[in-house]
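Take a look at the structure below.
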Amino acid sequence: MEMKKGIFYGVGVGPGDPELITLKALRIIKECPVLACPQTKGGDTLALDIVKGAADISDKTILTLHFAMSRDPEVQHAAHEKAVDEVCRHLRQGQDVAMPNLGDVSIYSTYCYLMEMVQKRGYEAKMIAGVPSFCAVAARLGISLTEMNTPLHIAPGSSDLNEALHWPGTKILMKSGKQMPSVLDAIDEYASLEKSALVQNCGLPDEQVFSNLKEKAPEAGSGYFATVIVKE
């Protein structure tokens, strides 16, 4: 009799505050014997740290996944293949694997790359929604993102901001940290710094809030998890 295969879960754990992890996300994490956790170049496992603030995971097998920060597609693909090999080793043994992801699992998530590759190998994969960082940032700032008939746009800080900042409505610029000086220059030229705000590491101990970028802005590049909201 063939052994039942495990399921690969992508679990959104919110932007940083453990209290923003959903009940469903916590249940899936508690039920899965294996947690697959992305590790940064500096050795941090931020998504796992957030989980630790909400649940006891001392009985879990922790599978550390190393991803290349290179923009070379071949280098990225090789890192993804290696991660999938590790995940599928546990799925093949009938163990469910949960991969905690910052924010929501459908937004700029590495899990989605792995999900497609795992599915191609014949395994089931499921996504568990989480609180997106920009929603938590808006709540932290006490502002609305949309009003009646107002569109909302999401773009990475590395995109063509000349075009993005001319879109109507509210603009969300994610992963803006390394590009912060050029992002601020673009906002100043194409939009309004006075109507723009930034939160870095929202919900984490080192959170920084800049509610009016004309009055105060980061002096240098912010951390990787910096989200900018630009209002019309």
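Over 22 Å apart at the Cα level, from the set Lys5/Lys126; Lys195/Lys216; Lys126/Lys178, are Lys126/Lys178. With springs connecting C-alpha atoms under 10 Å apart, model the chain as a Gaussian network and identify which of Lys52, Lys60, Lys120 has the largest mean-square fluctuation. Looking only at Lys52, Lys60, Lys120, the biggest GNM fluctuation is shown by Lys120. Between Ile28, Gln208, Ile187, the Cα set farthest toward the positive side of the dipole of the chain (charges on each charged residue's Cβ, about the Cα centre) is that of Ile28.
When the chain is treated as a Gaussian network with alpha carbon springs shorter than 10 Å, the biggest mean-square fluctuation among Val105, Val75, Val11 belongs to Val75.
Counting other beta carbons within 10 Å of each Cβ, put Lys126, Lys171, Lys4 in order, fewest first. Sorted ascending by nearby Cβ count, the order is Lys4, Lys126, Lys171. About its Cα centre, segment 76-151 has a charge dipole of approximately 140 debye under the convention of +1 per Lys or Arg Cβ and -1 per Asp or Glu Cβ, with nothing else charged. Here the dipole of segment 7-128 is about 240 debye; that uses its Cα centre as origin and unit charges on the Cβ of Lys and Arg (positive) and Asp and Glu (negative).
Farthest towards the positive end of the charge dipole of segment 92-183, among the residues Ala138, Val105, Val118, is the Cα of Val118, using unit charges on the Cβ of Lys, Arg, Asp and Glu.
Scattering from segment 6-143 was approximated by placing one identical point on each alpha carbon and applying the Debye formula without solvent; log10 I(q)/I(0) at 0.12, 0.18, 0.20 1/Å stands at -0.44, -0.98, -1.20.
Summing Lys and Arg as +1 and Asp and Glu as -1 over all other residues whose Cβ lies under 10 Å from the Cβ of Arg140 gives a net charge of -2. Here the Gaussian network model covers the chain, with springs between Cα atoms less than 10 Å apart; of Val13, Val137, Val209, Val209 fluctuates the most.
Of all DSSP-defined beta bridges confined to the chain, some 35% are antiparallel rather than parallel. Counting neighbouring Cβ atoms within 10 Å and putting the fewest first, the residues Cys135, Cys202 line up as Cys135, Cys202. Can you bin the chain into rounded, prolate or oblate? Criterion: square roots of the alpha carbon gyration tensor eigenvalues sorted a ≥ b ≥ c, rounded for a/c under 1.5, prolate for a/b above b/c, oblate for the rest. It is prolate, given that a/c is not under 1.5 and a/b is the larger ratio. Between Asp85 and Asn149, the FRET efficiency from the beta-carbon distance, with R0 = 41 Å, is close to 0.25.
The alpha carbon centroids of segment 182-215 and segment 79-112 are separated by 32 Å.
Using a cutoff of 8 angstrom between alpha carbon atoms and counting only pairs six or more residues apart, the relative contact order for segment 133-230 works out to 31 percent. Each Cα pair under 8 Å and six or more residues apart adds its separation to the average, and for segment 7-128 the resulting relative contact order is 43 percent. Only the Cβ atoms of Lys and Arg (+1) and of Asp and Glu (-1) were treated as charged; on that basis the dipole of the chain about its Cα centre amounts to roughly 660 debye.
Only the coordinates and a few stated rules stand behind these numbers; no lab work does. The model shown is predicted, which means the values in this text are computed figures rather than measured ones. Cβ coordinates were reconstructed from backbone atoms using ideal geometry, including for glycine residues, and neighbour counts include every protein chain displayed.
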